[in-house]
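Accompanying notes for the structure given below.
The values are calculated or read from the model by the stated rules, or taken from the named source; none is laboratory data. Note that the coordinates shown come from a computational prediction; the quantities given were computed from them, not determined experimentally. Positions of Cβ are backbone-derived with ideal geometry, glycine not excepted, and every protein chain shown enters the neighbour counts.
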Protein chains: 2
Amino acid sequence: MIRLAMRGFKSILNVRLNLPLVLVVVVVTVCITSQFMESMNLCPTIRSERFAYKSKNIDPKVLAEIKRQWILDEGCVHGENVQNSKSGSNEQPQSSPYQHIDCSINNNDEIIDCLKHKDHEDDIYMPWNFIKRYFDVYGKVAHYDGYERFEFSHSYSEVYYDPQKEYHFDGVFLTFDTYNVEVRDRVKLVTGVEGVPLSTQWGPKGYFYPIQIAQFAMSHYCKNITEKPPVRSIYETGTMSESKWTLHNSECHVESVDNPERNSKVIMFQVPLSLSLGNGATLTLGNTVENEFSVDIKFITNGSLSIVVEGSDKKRYNIHYLTHAKKLIDFDGDRSIWYHIGSSASWRHFSRDIRVDLRKGVGMTKSKAVKKVKISIKKIVSLTVRGEGLIDNVCIQTADHMTHFLAGTNWILENQNKETGGWPIMVERRLEGFQSLPPGWHSAMAQGHGLSTMVRAYKYTRDTKFLPALRLALRPYTVPSSKGGVRAIFMDRFVWYEEYPTTPSSFVLNGFIFSLLGLYDYKMLLSSEKEAGNQLSQDDEAALRQATDLYNDGMSSLKAMLPLYDAGFTTIYDLRHYQLKTQPNLARWDYHATHISQLALLSTVDDDPIFKQFHDNWMGYTKGIRAKHN
Amino acid sequence: MIRLAMRGFKSILNVRLNLPLVLVVVVVTVCITSQFMESMNLCPTIRSERFAYKSKNIDPKVLAEIKRQWILDEGCVHGENVQNSKSGSNEQPQSSPYQHIDCSINNNDEIIDCLKHKDHEDDIYMPWNFIKRYFDVYGKVAHYDGYERFEFSHSYSEVYYDPQKEYHFDGVFLTFDTYNVEVRDRVKLVTGVEGVPLSTQWGPKGYFYPIQIAQFAMSHYCKNITEKPPVRSIYETGTMSESKWTLHNSECHVESVDNPERNSKVIMFQVPLSLSLGNGATLTLGNTVENEFSVDIKFITNGSLSIVVEGSDKKRYNIHYLTHAKKLIDFDGDRSIWYHIGSSASWRHFSRDIRVDLRKGVGMTKSKAVKKVKISIKKIVSLTVRGEGLIDNVCIQTADHMTHFLAGTNWILENQNKETGGWPIMVERRLEGFQSLPPGWHSAMAQGHGLSTMVRAYKYTRDTKFLPALRLALRPYTVPSSKGGVRAIFMDRFVWYEEYPTTPSSFVLNGFIFSLLGLYDYKMLLSSEKEAGNQLSQDDEAALRQATDLYNDGMSSLKAMLPLYDAGFTTIYDLRHYQLKTQPNLARWDYHATHISQLALLSTVDDDPIFKQFHDNWMGYTKGIRAKHN
């Protein structure tokens, strides 16, 4: 089968195909496969056509000429603009030999309209609107290189993850550097107090979802590794030298003062709270490049920070950050957005993605999902402070990832249950066919992500407060899911860590693997500490042994049970079909892609061939290459 | 989804749709589904078109008129002959708005040629030659009602079995009444001595394959139930009254004699063996209707029966049945075929399907498969006997099913191993990924078929010789497949009876279910005997308990494990993917159809909803209705 052949070919090259190769490959493909084209002997001219596909910067004129020549050679028509470029062609569309024929689907379950060549009985064409819904595939017409083609794809979800070296516990976590958790429409806002996302996925009220918070933290950790260092514009360092502060009236006051706490100059501000929001001491920013606003601030009284931004919709918006707002987030439906940031008697590093804050505000709804808002920021105009306090290091930058990473990690640290070691999820979870999980359930995926996040936080901060929390996070792995933990057993023989501790067990694959990656990160952290000559506490020695055992048990289950998730044309999300005697719960393409990435990662840390082999098979499914039938 | 809707609709009717309903349904389908047609507002005229589909005896002229009207209404073209019937149309094919467009498959894995409406971007058509190989579906252009359409089918294998009442142990076995074992090209011949098929499936030498022999026997048993009673032409009853015997020379002799053994008149014949084959005492038959020749015969010396037939190829063939032929079957490459029938000092009822014997002879090869031969029989011309013997009841009929059933049953009875109770299969069997099975392996499917066959034979003959053989046939169910039996265990908890006793176990689904049906037939036979007031022997009482236990254990395994064979778009043939950590071994469509029929049968004898539910889901897969993804 040609698609197999192609895969073979690519894997021989074992790199993204470069241009000339694509040229060869595709020409080969076309010559070998498309009988239709073969019969039209298009291969010689096709070559130049194909060349166009890959090279976006080729001169359209050259292409048009190639196509014109091709049309003259082959006498076939390829779209009107081209026709018109045909020398001496009339304006009528050229007569085509295709005529309608009825297609009876599965013995007249339905009848659709197809096309048939009037002279060739087997030269049948079926309509895309049928193929699309019947086979559940995807496609669209795409225009580029001054040329139009139909792009068919078997899956809507691409697999980007292709690790070139062994996964490392403090490195990038899968493709989390491509995640952008806070922009998801199921995230109501990034809270002003904790600086973490608030989820509305399973409840419009909004709740802290530990798995989402961990992914938020990890995504910023990974971006910090893979992205270029941030570009930063500094507007105030406490000197008032370059800064331009304007005061609303004579009752407002700012001055540069020495601050022993920080051992540097800072700006002291005093603005009566009687002034309306947005009035007070204003620092002009006028930044048209970056979106991440940050400042070091200490409020002495209640107060507020207000940012004025100019949106791509030409409107000016006021984003007010209040120490004592009534709601976490609010919007007046026009130009004003409010965030509650809470009061803190001490210095805090306050950092906000202004574009996210703007969109969450304008897109606010009472339902689960935040409205899609396209507004981007043309200019961050100014900062205005109210109340009394101290301020330093006002700057706007492209990103402040580690601040968000640490905000997420702190939430995880502070919200771990000191008894159970888990992160209870405080919303009811309904899974079709299972008893619903009342609020307070634990997830092995939360434990895994909690471990992976804190392992990185410890490596980064060396703050020992993470060590007991890490040890504690193992506990739910040892407690049966029926007793508040996440541990399940398949067929009395295979240990499993449940993403959802359902009755009966559901054995969700991707969550299980995430729980194993957490164990892996943790055991690798501790053993690397030992290798580095840092002696472990007795507790950590014990934790290392426990994490290793939990990991090994889970990995043997995974290696044994992986085939049960293979449907031969896609993967199965969980084993509810076995547990509930139903049809398999097939994984949608993005989960299938997650399965594939997870196997790719595991194949770098475990040399059992099953991971590479299943990775390749499952990758094939995204291109319609099914398992053989007998 | 419309296909679902249609299924719903049909199942409501719960009968083959009759004409007016089809009319409605299809019109609904077309109106609802085919956007393309909708946009062309074809529904009003479509109605009469659809009407044509189901009614084969509608007047083509009427159809042509309907079509002509349609074309005039809609201005679309449906095939040349129709064009020509268009009043005032020129002979040129009407200009069509469809033009070629390149389709890039899965990011340029290949490029194929599609069609696109010049004015509608999304109106794309893909070529059948791609759809067919990419999605592994089937289709062909079909002509009837003076009308042409393309018939698309998702599966090549229809499921005919739809039991209306509870399965009964002496009734029809699944769809075995549609089986025609002897014509399969893997059957070298039906042997002249035993009267059973000789298989070449796994070895060109040919061997007796108990499963095939049981299916041969059962198929005739079932045909005898479902077919009309045979039509019979009688040529000789021993009286010589109506018969016309011609003698080759004066040394040949025939006369009607009293036969005390049979207590009736029979024909005695004496023909010197010095005469060449085909010469001797000849009875003119001249039958142009039936194909099944049968005779009661007793050879006193060596001898032969020769049948002269006229083939549909106008050639005359001589089929010689010899008591002492060198080979089981032979062919001179032209007109003579030889079969070895062995000598028997006693009377035998000798019955042959002459068309099968002709085709096996002419199609003979040295390879595994018999050549496809299309010759049918225009006339059975004559019978000639040589040697000395007695002959009676020469007749030609449409069928002689119970003779073949009993021939098969006797082979099964006589070839059961009296120690193991099994039917050892004397060819090596290789299964990909498993250690190959050396000759002499046992199959749970052979045990099941053996039971089902002998149960029916006992019910039919009341011959007690079957009772110990039935009891003995249970033994391999109790012996591990590793120790020469067929018993395996899945995950230390589920008993399984192996079609192939592989290492590791392969858990083939259809063979397992056949093994359960054998147990079911046997336990139902014994319990029905008790209900009928016939006391069972102690041995049979014990066998009844044992068969019941084996059946119940197997059924609980089946109910638990059935979901593991569900791939969400087809079924899985066995569990080698779990055992060998490979991709699932998907069942090809005819095995999938077998799975469906087996579930249909089980749903009539076991009220667990799983059978009906999985039957319906699996039936859906044959129409492309997949399991949901999350």
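Computed quantities for the displayed model
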{"item": "Yes/no for A:Ala560 being out of contact with any His (no Cβ under 6 Å at 6 or more places or on another chain) and either at the interface with chain B (Cβ under 7 Å from one of its Cβ atoms) or surrounded by 19 or more Cβ atoms within 10 Å (Cβ to Cβ) (or both)", "result": "no"}
{"item": "Matching residues, the range B:563-575, being among the charged types (D, E, K, R) and either more than 27 Å from the chain's Cα centre (by Cα) or facing chain A (nearest Cβ under 8 Å) (or both)", "result": "B:Asp566"}
{"item": "Residue match in the range B:606-627 (condition: among the aliphatic types (A, V, I, L, M) and touching a Pro at 6+ places or on another chain (Cβ under 6 Å))", "result": "yes"}
{"item": "Filter pass, A:Tyr179 being among the hydroxyl-bearing types (Ser, Thr, Tyr) and buried (at least 22 other Cβ atoms within 10 Å of the Cβ)", "result": "no"}
{"item": "Qualifying position, being under 22 Å from A:His117 (Cβ atoms), more than 9 Å from chain A (Cβ to nearest Cβ) and part of a loop (DSSP other than H, G, I, E, B), among B:His143, B:His120", "result": "B:His120"}
{"item": "Only one of A:Trp423, A:Trp411 that is under 23 Å from the mean Cα position of the chain (by Cα), part of a loop (DSSP other than H, G, I, E, B) and among the aromatic types (Phe, Trp, Tyr)", "result": "A:Trp423"}
{"item": "Members of the range A:430-449 that are within 12 Å of A:Tyr209 (Cα to Cα) and assigned to a strand (DSSP E or B)", "result": "A:Trp441"}
{"item": "Positions within the range A:272-290 being surrounded by 16 or more Cβ atoms within 10 Å (Cβ to Cβ) and outside any loop (DSSP other than H, G, I, E, B), in sequence order", "result": "A:Ala281, A:Thr282, A:Leu283, A:Leu285, A:Asn287"}
{"item": "Hits in the range B:153-205 (condition: under 30 Å from B:Val137 (Cα atoms), assigned to a strand (DSSP E or B) and among the small types (Gly, Ala, Ser))", "result": "B:Ser153"}
{"item": "Criterion (under 23 Å from A:Ile319 (Cβ atoms) and among the β-branched types (Val, Ile, Thr)) met by exactly one of A:Val187, A:Val257", "result": "A:Val187"}
{"item": "Complete set of residues in the range A:123-134 that are facing chain B (nearest Cβ under 7 Å) and touching a strand residue (DSSP E or B) at 6+ places or on another chain (Cβ under 7 Å)", "result": "A:Ile124, A:Tyr125, A:Met126, A:Pro127, A:Trp128, A:Ile131"}
{"item": "Conditions (1) within 21 Å of B:Thr282 (Cα to Cα); (2) at pLDDT below 95; number of the one not met by B:Val370", "result": "(1)"}
{"item": "Test set (1) farther than 24 Å from B:Ser505 by Cβ; (2) within 14 Å of chain A (Cβ to nearest Cβ) - B:Asp492 fails condition number", "result": "(1)"}
{"item": "Identity of the residue in the range A:138-157, under 30 Å from B:Gly620 (Cβ atoms) and in contact (Cβ under 8 Å) with a residue 40 or more places away in the chain, that ends up surrounded by the fewest Cβ atoms within 10 Å (Cβ to Cβ)", "result": "A:Tyr156"}
{"item": "Subset of the range A:345-398 [charged (D, E, K, R) and assigned to a loop (DSSP other than H, G, I, E, B)]", "result": "A:Lys366, A:Lys368, A:Lys371, A:Lys372, A:Lys374"}
{"item": "Pair list, Cβ < 9 Å and 6+ apart or interchain, from the range A:612-630 residues that are more than 7 Å from chain B (Cβ to nearest Cβ) to residues that are of a type in the set (Lys, Arg) and surrounded by 19 or more Cβ atoms within 10 Å (Cβ to Cβ)", "result": "A:Gly620/A:Arg3; A:Gly620/A:Arg626; A:Ile625/A:Arg3"}
{"item": "Index of the failed condition, A:Glu499 passing every other in (1) under 24 Å from the mean Cα position of the chain (by Cα); (2) closer than 19 Å to A:Phe434 by Cα; (3) part of a helix (DSSP H, G or I)", "result": "(3)"}
{"item": "Single residue of the range B:576-630 satisfying the filter (of a type in the set (Asp, Glu) and over 22 Å from A:Asp109 (Cα atoms)) that is nearest to the chain's Cα centre (by Cα)", "result": "B:Asp606"}
{"item": "Filter pass, A:Val183 being away from every other protein chain (no Cβ under 14 Å) and either among the acidic types (Asp, Glu) or in contact with a helix residue (DSSP H, G or I) (Cβ under 6 Å, 6 or more places away or on another chain) (or both)", "result": "no"}
{"item": "Top-ranked residue of the range B:146-169 - restricted to ones that are more than 7 Å from chain A (Cβ to nearest Cβ) and in contact with a strand residue (DSSP E or B) (Cβ under 9 Å, 6 or more places away or on another chain), ranked as modelled with the highest pLDDT", "result": "B:Ser155"}
{"item": "Some residue of the range B:567-583 being in contact (Cβ under 8 Å) with a residue 12 or more places away in the chain and surrounded by fewer than 19 Cβ atoms within 10 Å (Cβ to Cβ)", "result": "yes"}
{"item": "Residue match in the range A:547-556 (condition: in contact (Cβ under 8 Å) with a residue 40 or more places away in the chain and among the hydroxyl-bearing types (Ser, Thr, Tyr))", "result": "yes"}
